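A short worksheet on the structure shown next.
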Amino acid sequence: MVRILYFAKLREDLGKGGEEIELPAGVATVAALRAHLVARGGAWAAALAQGKSVRVAVNHDMAEPTTPIKPGDEVAFFPPVTGG
Amino acid sequence: MPTIRVQTEDFDAGAETARLRAGDPKVGAVASFVGVCRDVNEGDAVTTMTLEHYPGMTEKALAKIVDEAMARWRVVDVTVIHRVGELRPADQIVLVAVAGAHRGEAFAACEFIMDYLKTRAPFWKKEQTPQGARWVDARAGDDEAAARWGADEKNAA
């Protein structure tokens, strides 16, 4: 299982703050997980499609598309940050 | 030891900078920045602003930024306080205060921490305007500010 979290506009667009999913076979990077979520279609495809400004953190550290993920990780998807 | 706090309550910048340098005669300079909620953004009136964050990651991201500043410049101590929740125009949002031996390093570290906070700390602002609520867009200018210090990753994209 991985814990997935969504924040800010992404949370609103997807209608949920998070979920736990079983990592499908072959999904081992941030980019692969994002593609897996986009494949759900609808709001998921609209919010997470390639080209959308989405940032990702794995276990509380900012991540890249190539960052590995494994069972037990916490993966957060969110829009560009706007604090300060 | 740096002080990092994420809180809904307001802060007293004077008391925080006094505490930051209290009892340390090595401190010859304190540089501080206070970010404040404006009543207008992108030409529209802002009535209230809600700040969301990622509990657990936020504190860690801020600590990392402060550690990096303390590795780059010889500063004595740092305080970062960032508010979350609902804020109104003229409310304080963020305080960054840096104590050091000399002003040059204190100024630079303070500006570095703000520039990195703007592009790397997981906070999001939502504004209420007479036209309705909207999420604030990230600015390319903030990426350019962070790039001055060598940051290569982009936030606004």
| query | Among the residues of the range B:104-126, how many are more than 14 Å from chain A (Cβ to nearest Cβ) and either open to solvent by less than 50 Å² (accessible area, probe 1.4 Å) or over 16 Å from the mean Cα position of the chain (by Cα) (or both)? | reply | 5
| said: Against the conditions (1) open to solvent by 20 Å² or more (accessible area, probe 1.4 Å); (2) more than 12 Å from chain A (Cβ to nearest Cβ); (3) within 21 Å of B:E42 (Cβ to Cβ), where does B:A101 fall short? Just the number, please. | reply: (3)
| query | Counting only residues that are of a type outside the set (D, E, K, R) and open to solvent by less than 30 Å² (accessible area, probe 1.4 Å), how many does the range A:50-78 have? | reply | 10
| task | Select the strands (runs of 3 or more DSSP E) contained entirely in the range B:23-95, then report the ones holding at least 3 residues which are at pLDDT 95 or above, within 14 Å of chain A (Cβ to nearest Cβ) and within 14 Å of B:I4 (Cα to Cα). | result | B:75-83
| Meets criteria (within 12 Å of chain A (Cβ to nearest Cβ), closer than 27 Å to A:F77 by Cβ and of a type outside the set (V, I, T)) for B:E153 | yes
| task | Could you figure out which of (1) open to solvent by less than 40 Å² (accessible area, probe 1.4 Å); (2) in contact (Cβ under 8 Å) with a residue 60 or more places away in the chain isn't true of B:L62? | result | (2)
| field | So B:A138, is it over 14 Å from the mean Cα position of the chain (by Cα) and hydrophobic (A, V, I, L, M, F, W, C) | value | yes
| Of the residues that make up the range B:138-149, is at least one facing chain A (nearest Cβ under 7 Å) and open to solvent by 50 Å² or more (accessible area, probe 1.4 Å)? | no
| query | Does B:V46 qualify as being closer than 21 Å to B:A133 by Cβ and either in contact with a helix residue (DSSP H, G or I) (Cβ under 7 Å, 6 or more places away or on another chain) or exposed (fewer than 13 other Cβ atoms within 10 Å of the Cβ) (or both)? | reply | no
| Can you find a residue in the range B:55-70 that is among the polar types (S, T, N, Q) and out of contact with any Gly (no Cβ under 9 Å at 6 or more places or on another chain)? | no
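The values are calculated or read from the model by the stated rules, or taken from the named source; none is laboratory data. Since this is a predicted model, take the numbers as computed values, not measurements. Cβ coordinates were reconstructed from backbone atoms using ideal geometry, including for glycine residues, and neighbour counts include every protein chain displayed. The protein model used for the area step is the full one, side chains on, heavy atoms only, and it has no ligands, DNA or RNA in it. Shrake-Rupley method; radii C 1.70, N 1.55, O 1.52, S 1.80 Å.
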